[in-house]
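Enquirer: This is the structure, below, for whatever I ask next.
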Amino acid sequence: MIKDLINKLLDIDLVKKLVELKRPNFIILYYHRVIEDNIFDLDMGPNIHLCVKKSEFEKQMSYIAKNYNLISLEDLYKNNFKCKQFSVAVTFDDGYKDNIEVAYPILKKNNIPATIYLVSRNIIAKPWAWWIELWNFIKKNEKIMNGDKTIDIKKINNKKKCFFDLKEKIKKLKYDDQINFFNTLTLNKVRENHENLYLNIEDLKKIEKEKLITLGCHTHDHLCFSYFDKEIIEKQISRCKEIIEEKLKISVEHFAYPYGSKKDINFFEHNILEKLKFKTAVTTLET
């Protein structure tokens, strides 16, 4: 009996060692927005998970700079995704203006490389994020029409539930259909202009010269891949790559999946990414 128990313990230890050998010796942190504390404290909406307080970001970056090896995705690729010591890479999705105005001075202070993944439509047309307009609309209304139903959204919990219910519908739509959805929902054909929130060409030309920053691809329209076929997905990726490369005269070799969770990915996209000569592609899936 004791012998069996010892053997089991040895087996467990062996499994642990095998897991450690397989586990990569690095982690990729992904952010969206880094905003001033006073602005963060005013926002209690469902998009708050996309934001980090400036003060918290400062603490996080100071901590990783003091305790870990810092690595860019480019160097991670060059090292064949193997690190002699535990390493940390920092990334940002969507290309928000505060990545440069708020986050970058902190990154520069700590000498931390980072990758910013861009949605290319936002740099050639009026930037628009449906998730931001959706919450702004829900927040200021007490009732909304969803199809032939009137939904009472006076209470904050009802507002948040309404947001997430509509979010799942909108994720299934192409960009033009998303616009039409909002035209109907708001009874208004004028969409919000989010140019104050997103990096523009002038911003990108300045930051691209900074050695710490790498610019990557986050598709053209930020569509959820699991609802679309290979042809649409390839166009979304290739168009984004082409636009950024043409506008900034750089090579774009790193990619981030929109949404990025297991249910939002088809897992055939890696063939497309290889075809388009991307070096890395990141998701929110844990290894």
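The values are calculated or read from the model by the stated rules, or taken from the named source; none is laboratory data. Computed from a predicted structure; not experimentally measured. Because the Cβ atoms are built from the backbone with ideal geometry, glycine has one as well, and the counts that use them run over all protein chains shown. Each accessible area value is taken on the protein alone, full model and side chains, heavy atoms only, with ligands, DNA and RNA left out. Shrake-Rupley method; radii C 1.70, N 1.55, O 1.52, S 1.80 Å.
Enquirer: When you count, for each residue, the other Cβ atoms within 10 Å and take the mean per peptide, how do 173-179, 86-92 rank with the highest first?
Expert: Details: 173-179: 14.7, 86-92: 21.3.
So the order, starting with the most tightly packed, is 86-92, 173-179.
Enquirer: Roughly how tilted is helix 156-170, in degrees to the nearest 10 and between 0 and 90, from the longest Cα axis of the chain?
Expert: Rounded to the nearest ten degrees, it is 80.
Enquirer: Which entries of K140/K167; K167/K230; K59/K209 have Cα-Cα distances beyond 20 Å here?
Expert: Exceeds cut-off: K167/K230; K59/K209.
Enquirer: Let me ask something else. For helix 54-67, what angle does its Cα long axis make with the longest principal axis of the chain, in degrees from 0 to 90 and rounded to 10?
Expert: In the chain, helix 54-67 runs at an angle near 20 degrees to the longest axis.
Enquirer: At each listed q (0.14, 0.17 Å⁻¹), what is the log10 of I(q)/I(0) that the Debye formula gives for region 52-175 modelled as equal alpha-carbon point scatterers?
Expert: Reported log10 I(q)/I(0), two decimals: -0.83, -0.97.
Enquirer: List the lysines whose Cα sits under 17 Å from the Cα of K279, skipping any in the same chain fewer than 8 residues away.
Expert: Reachable lysines: K78, K82, K241.
Enquirer: Let me ask something else about it. What's the local net charge at N180, with K and R +1, D and E -1, over the other residues with C-beta under 12 Å away?
Expert: +1
Enquirer: Do you know the relative contact order of region 37-155, to the nearest whole percent, from alpha carbon pairs under 8 angstrom that are 6+ apart?
Expert: Result for region 37-155 is 22 percent.
Enquirer: Nearest 5 percent is fine: what portion of the DSSP beta bridges confined to region 129-287 is antiparallel?
Expert: On the way: 4 of 8 bridges.
Of the beta bridges lying entirely in region 129-287, close to 50 percent run antiparallel.
Enquirer: Which far-off residues, 5 or more places away or on another chain, put their amide H under 5 Å from the one on V52, with H placed in the peptide plane?
Expert: Here R33, V34, I35 satisfy the definition.
Enquirer: May I pose another question? Ranked from the most accessible area to the least, with a 1.4 Å probe and all protein chains present, what is the order of R191, R239, R33?
Expert: Putting R191, R239, R33 in descending order of accessible area: R239, R33, R191.
Enquirer: Beta carbons within 10 angstrom, averaged per residue: use that to sort the peptides 153-165, 42-54, highest first.
Expert: Top of the packing list down: 42-54, 153-165.
Enquirer: Another question, if that's okay. May I ask you to give the solvent-accessible area per residue for the chain, in square angstrom, as obtained with a 1.4 angstrom probe?
Expert: Numbers: 16620 Å² over 287 residues.
Counting only protein heavy atoms, the per-residue value for the chain is 58 Å².
Enquirer: Over the chain, what is the percentage of antiparallel beta bridges among all DSSP beta bridges, to the nearest 5?
Expert: Once the DSSP bridges in the chain are tallied, antiparallel ones form about 15 percent.
Enquirer: Looking at the calculated P(r) for the chain, what percent of the C-alpha pair distances fall above 22 Å?
Expert: 64
Enquirer: Shifting gears a bit: At 0.692 mPa s and 37 °C, plugging the Kirkwood radius over alpha-carbon pairs of region 165-287 into Stokes-Einstein gives what diffusion coefficient in µm²/s?
Expert: 205
Enquirer: Output the pairs from K66/K160; K97/K235; K249/K275; K54/K249 with a Cα-Cα distance over 28 Å in this structure; if there are none, say none.
Expert: Numbers: K66/K160 39 Å; K97/K235 26 Å; K249/K275 20 Å; K54/K249 31 Å.
Table pairs above 28 Å Cα-Cα are K66/K160; K54/K249.
Enquirer: So what's Rg/Rh here for region 20-86, counting alpha carbon atoms and using the Kirkwood radius for Rh?
Expert: Computed over Cα atoms, the ratio is 1.10.
Enquirer: So what is the relative contact order of region 170-281, in percent, for Cα pairs below 8 Å that sit 6 or more residues apart?
Expert: In percent, rounded to a whole number, it is 26.
Enquirer: What is the packing order of peptides 244-250, 67-73, taking the mean over residues of other C-beta atoms within 10 Å and listing the highest first?
Expert: Top to bottom by mean Cβ count within 10 Å: 67-73, 244-250.
Enquirer: Over all directions, average the projected area of the Cα convex hull of region 106-164 and note it in nm².
Expert: In nm², the orientation-averaged hull projection of region 106-164 is 7.0.
Enquirer: Before rounding to the nearest 500, sum -39500 (n - 2.57) across all DSSP H runs of length at least 4 in the chain and divide by the residue total; then give [θ] at 222 nm in deg cm²/dmol.
Expert: Estimated from H runs of four or more residues: -13500 deg cm²/dmol.
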